[in-house]
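Novice: Provided herewith is a single structure, encoded as structure tokens, for subsequent inquiry.
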Amino acid sequence: MSRPKVILDPAFRRLENIFTARDLERLYAIADVVWGKNEEMPAAEIEAVKSEVAAIITGHWRHGEVASYPNLKAIMEVSGGLPSPDAVDYQTCFARGIRVLSCAPAFGPAVAELGLGLAIASSRQIVSNHEGFRKGEANWSHVEDGGAFTLYGKQMGFIGFGGLARSLQKLVAPFECPIQVYDPWLTDTYLRDQGVEPVELERLLKTSRFIFVLAVPSASNKAMIDRELLAAIPKDSIFVLLSRSHVVDFDALTEFLLKGQFKAAIDVFPQEPLRMEHPIRQAQNVIFSSHRAGAIGEALQNIGRIVVNDLEAVLNDLMPQYMQAAQPEFIKLRSRRT
């Protein structure tokens, strides 16, 4: 009996970065793997196997019309996000039961861990005191506390409550922090059942000591945290930008941080690498991270593990359990055409 054909075309990812030898062995054991190289699969070779392919593992969708794959069961994205509605015909996918899956959950724990680290580093002044120590300007505790404070019991605000937020919620649990959440895509009942308080965005920004931006980008939330809302953040709060800069008016954020309006820790930027002359580099109350929250070996190799786990399920007509599945409601909100 012939095995199902699966296109393995992960570029821009590299196979050796996202698959352990064991997971790659598992993949080849359950499917007839087509291509399986780091370079992009040529269009002619894609065309030659379209009629037989059951699943496509891809770094970004560039494989043509979904309707041209009569036996397709799954699109498995290894970039970290779901394919754009401009690239993939979700209507056809939903109508035909084709799973569109993202490897985003592979990064959740690692990104949450760095987010917690950035919050602690900022509130306890770890980076600034480290630099001061090198210069002989350390803020010794017997002289003054310097305004440092702990996480314990402080009000936290999560903007977005997807997989990343739930990973972070587990990590901050020992600090016994109340958590309020703004997520217009979830019901208040669901949020309360998760042990968090649903609130409006303005209230969250005004009343949270730690603000974590965890929302997935969509057409409806571009620059959602605008100048007026940023102005509401208290001076003693810390703004941790982890998911995408898409949801923040970054120019306004830069202005406020240069004025010392509040503190921030930032891992994502509108252009990456950030140009050297960007004024935010001069802000003294910011800890910077160069989009490294999830880009570590352990997190990357989680991608291969969950891809093979869910591919095994899909090829056996079972429900995938590990990757993030596209939902019609989410795609509708995310689509640039709505």
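For (1) without any contact (Cβ under 8 Å) to a residue 40 or more places away in the chain; (2) of a type in the set (A, V, I, L, M, F, W, C), each residue gets a yes or a no:
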site	(1), (2)
Glu200	yes, no
Arg203	yes, no
Leu229	yes, yes
Ala232	yes, yes
Val247	no, yes
Ala252	yes, yes
Ala264	no, yes
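Novice: Identify, by number, the condition in (1) under 24 Å from the mean Cα position of the chain (by Cα); (2) closer than 30 Å to Phe210 by Cα that Val127 doesn't meet.
Specialist: Failing condition for Val127: (1).
Novice: Within region 102-122, identify whether any single residue is in contact with a helix residue (DSSP H, G or I) (Cβ under 9 Å, 6 or more places away or on another chain), among the β-branched types (Val, Ile, Thr) and more than 30 Å from Lys235 (Cβ to Cβ), and answer yes or no.
Specialist: No - not one qualifying residue is present in region 102-122.
Novice: With respect to the numbered conditions (1) modelled with pLDDT under 95; (2) surrounded by fewer than 19 Cβ atoms within 10 Å (Cβ to Cβ), which one is the sole condition not fulfilled by Gly162?
Specialist: Just one mismatch for Gly162, condition (2).
Novice: Next up: Restricting the first residue to region 83-95 and requiring it to be in the same structural domain as Asn71 (by TED's automatic domain parsing), which pairs with a second residue that is assigned to a loop (DSSP other than H, G, I, E, B) and aromatic (Phe, Trp, Tyr) meet a Cβ separation below 9 Å and a spacing of at least six or different chains?
Specialist: Within 9 Å, the pairs are Pro83/Trp61; Ser84/Trp61; Ala87/Trp61; Val88/Trp61.
Novice: A further question on this structure: Tell me which residues, restricted to region 73-87, are hydrophobic (A, V, I, L, M, F, W, C), buried (at least 22 other Cβ atoms within 10 Å of the Cβ) and out of contact with any Cys (no Cβ under 6 Å at 6 or more places or on another chain).
Specialist: Within region 73-87, Ala74, Ile75, Met76, Leu82 qualify.
Novice: Still on this structure: Could you check, for region 249-272, whether at least one of its residues is farther than 23 Å from Gly157 by Cα, assigned by TED's automatic domain parsing to the domain that holds Val127 and within 20 Å of the chain's Cα centre (by Cα)?
Specialist: Among the residues of region 249-272, at least one is farther than 23 Å from Gly157 by Cα, assigned by TED's automatic domain parsing to the domain that holds Val127 and within 20 Å of the chain's Cα centre (by Cα), which makes the answer yes.
Novice: Something else about it: Need the failing condition index for Arg281 against (1) modelled with pLDDT of 95 or more; (2) touching an Asp or Glu at 6+ places or on another chain (Cβ under 7 Å); (3) not aliphatic (A, V, I, L, M), just the number.
Specialist: (2)
Novice: Of all the residues that make up region 219-241, how many are under 19 Å from Gln284 (Cα atoms) and of a type in the set (A, V, I, L, M)? Give the steps one after another, and end with the answer.
Specialist: We begin by selecting, within region 219-241, every residue under 19 Å from Gln284 (Cα atoms); these are 230-231, 233-241.
Filter once more, keeping what is of a type in the set (A, V, I, L, M): 230-231, 233, 238, 240-241.
Summing the residues that are under 19 Å from Gln284 (Cα atoms) and of a type in the set (A, V, I, L, M) in region 219-241 gives 6.
Novice: Please specify each residue of region 55-84 satisfying the condition of being in a strand (DSSP E or B) and out of contact with any Asp or Glu (no Cβ under 9 Å at 6 or more places or on another chain).
Specialist: Ala55, Ile75, Glu77
Novice: Look through region 189-219, keep the residues that are small (Gly, Ala, Ser) and over 15 Å from Lys154 (Cβ atoms), and return whichever of them is surrounded by the fewest Cβ atoms within 10 Å (Cβ to Cβ).
Specialist: Result: Gly195.
Novice: In region 115-134, how many residues are more than 23 Å from Leu164 (Cα to Cα) and either buried (at least 19 other Cβ atoms within 10 Å of the Cβ) or not acidic (Asp, Glu) (or both)?
Specialist: Step one: list which residues in region 115-134 are more than 23 Å from Leu164 (Cα to Cα), which gives 124-134.
Right, trim to either buried (at least 19 other Cβ atoms within 10 Å of the Cβ) or not acidic (Asp, Glu) (or both) and you get 124-130, 132-134.
The qualifying residues number 10.
The values are calculated or read from the model by the stated rules, or taken from the named source; none is laboratory data. All values reported here derive from a predicted model rather than from experimental measurement. Heads up, the Cβs are rebuilt from the backbone with ideal geometry, glycines too, and the neighbour counts pull from every protein chain shown.
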